[in-house]
Each structure stands twice: as structure tokens, then as C-alpha cells.
Amino acid sequence: MRVKNVVLIGFMGTGKSTVGKVLAGRLGWQFVDTDQKVEERQGMTISEMFATLGESAFRQTESETLDSVLEQSSQVISTGGGAVLAERNRLSMKKDGYVIALKAAAETIIERVKHDQSRPLVQGDVEERVHKLLESRRNAYDFADLIIDTTGVSVEEIVEQILASTQD
């Protein structure tokens, strides 16, 4: 593979962490979850950050964390679903990584995230929140080098698609 890093982007529940771990294992690279790095950096969960510091403080820390992570190489990086909202982040991802967007049908996402209390943006009516957020981010992932729909596709098939796309 001739890329510095593989950066997985996409809406929550599209499989970034699951696919990322398997892909990193296949490549012999390190897997990095930027949400986990943000939590380590702040000493609190993302939900706690949203509640106490607000979304803008979270987004600032997310950008700083992403910049720091992208300085390294040979990593499969799973980003938070909203990391693509800042142009600064999109430019960094493209500069230092091969960007792959994972997407899934709304029903699949709802099924995957409906019981996850650690996702502050979908608290309350999960179905309504997911549909609203998907609509507001409809084109947010279009800058990716590769887009893969994970609906009804196995993790192994997704990893194979990614590996095939990076061959010369």
C-alpha cells in the first residue's frame, strides 16, 4: 500500500471502527479511533464534553486530535461522524491519508445505534435524529477517495474492497 494512512469517515453506525480494526490487522498497521483519542485527551467521554463544554469545544479538540494523529503514518484512522464538518479536517485528511467514506441505509444506522447511550447527537427520538442528521450531512462525505455502502455487506467484503482499491 502506497498511502501514508487510511482515514475512515462516515456517519455514526456505518462501521468505521469495526472495519478499521480488521483492516489495520490485515495491513499490520495501527488502528486509531479519534473519538477515543479525544476522550483520552480531555479525560471525559464525548457525551460529558457535549454536556459540560459544548459541541464547539468538542469540535475544536477533535480537530487538534486529528491533526496530531495524522502526523504519524501506517495507521487506519476511524474518525467521528462529524469530523468532516470542518474544512480544516477535510484538508488534513486528504493531505495525509487515503480517505474512505462508509455509508449505510438509515434503517441500518438506526438499528446499529439505537441502544448506544454514548452518542449525544442521537439522544431522544433516535429515528428522527438520524434522519435529520443524515439529511444535513448528505454531501459531507463526498470528498472521499472511495465510498463504500456497508448495508448488508460483511466486514471482510468491505476490507477486500478497500485493499483492492489501493492496488496499483
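One table, with the values for the structure above:
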{"quantity": "Heavy atoms of TYR98 accessible to a 1.4 Å probe, total area in Å² rounded to 10", "calculated": "40"}
{"quantity": "Accessible-area order (highest first, 1.4 angstrom probe) of the listed residues THR108, THR150, THR52", "calculated": "THR52, THR108, THR150"}
{"quantity": "Distance violations [Cα-Cα > 18 Å] among LYS94/LYS132; LYS4/LYS103; LYS103/LYS132; LYS4/LYS94; LYS16/LYS95", "calculated": "LYS94/LYS132; LYS4/LYS103; LYS16/LYS95"}
{"quantity": "Gyration tensor (alpha-carbon) shape descriptor, the stretch 17-86, a/c threshold 1.5", "calculated": "prolate"}
{"quantity": "Under-5 Å amide H pairs with ASP33, H placed in peptide plane, nonlocal only", "calculated": "SER78"}
{"quantity": "Surface per residue (accessible, 1.4 Å probe) for the stretch 1-116, Å²", "calculated": "45"}
{"quantity": "222 nm mean residue ellipticity, helices alone, for the chain (DSSP H n ≥ 4; -39,500 (n - 2.57); rounded to 500)", "calculated": "-15000 deg cm²/dmol"}
{"quantity": "Calculated FRET value between LEU53 and ALA164, using beta carbons and R₀ = 35 Å, to 0.05", "calculated": "0.25"}
{"quantity": "Translational diffusion coefficient (Stokes-Einstein; Kirkwood radius from C-alpha pairs) of the stretch 50-93 at 4 °C, 1.567 mPa s, in µm²/s", "calculated": "117"}
{"quantity": "In Å², nearest 10: area of ARG41 left accessible to a 1.4 Å probe", "calculated": "120"}
{"quantity": "Sequence of ILE110, ILE147 when ordered by accessible area, the most exposed leading, probe 1.4 angstrom", "calculated": "ILE147, ILE110"}
{"quantity": "D_trans [Stokes-Einstein, Kirkwood Rh over alpha-carbon pairs] for the chain, 37 °C, 0.692 mPa s, µm² s⁻¹", "calculated": "204"}
{"quantity": "Of all accessible heavy-atom area on the stretch 46-168, the percent that carbon and sulfur account for (1.4 Å)", "calculated": "48"}
{"quantity": "FRET efficiency, 1/(1 + (r/R0)^6) with R0 25 Å, evaluated for ASP149 and GLN72 via beta carbons", "calculated": "0.30"}
{"quantity": "Relative contact order of the chain, defined on C-alpha pairs under 8 angstrom at six or more residues apart (%)", "calculated": "35"}
{"quantity": "Residues with amide H under 5 Å from that of ASP149, placed H, sequence gap 5 or more", "calculated": "LYS103"}
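The values are calculated or read from the model by the stated rules, or taken from the named source; none is laboratory data. Bear in mind that the values here come from a model prediction, so they are computed numbers and not experimental data. Heads up, the Cβs are rebuilt from the backbone with ideal geometry, glycines too, and the neighbour counts pull from every protein chain shown. For the accessible areas, the whole protein counts, side chains as well, though only heavy atoms, and no ligand, DNA or RNA atoms are used. Shrake-Rupley method; radii C 1.70, N 1.55, O 1.52, S 1.80 Å.
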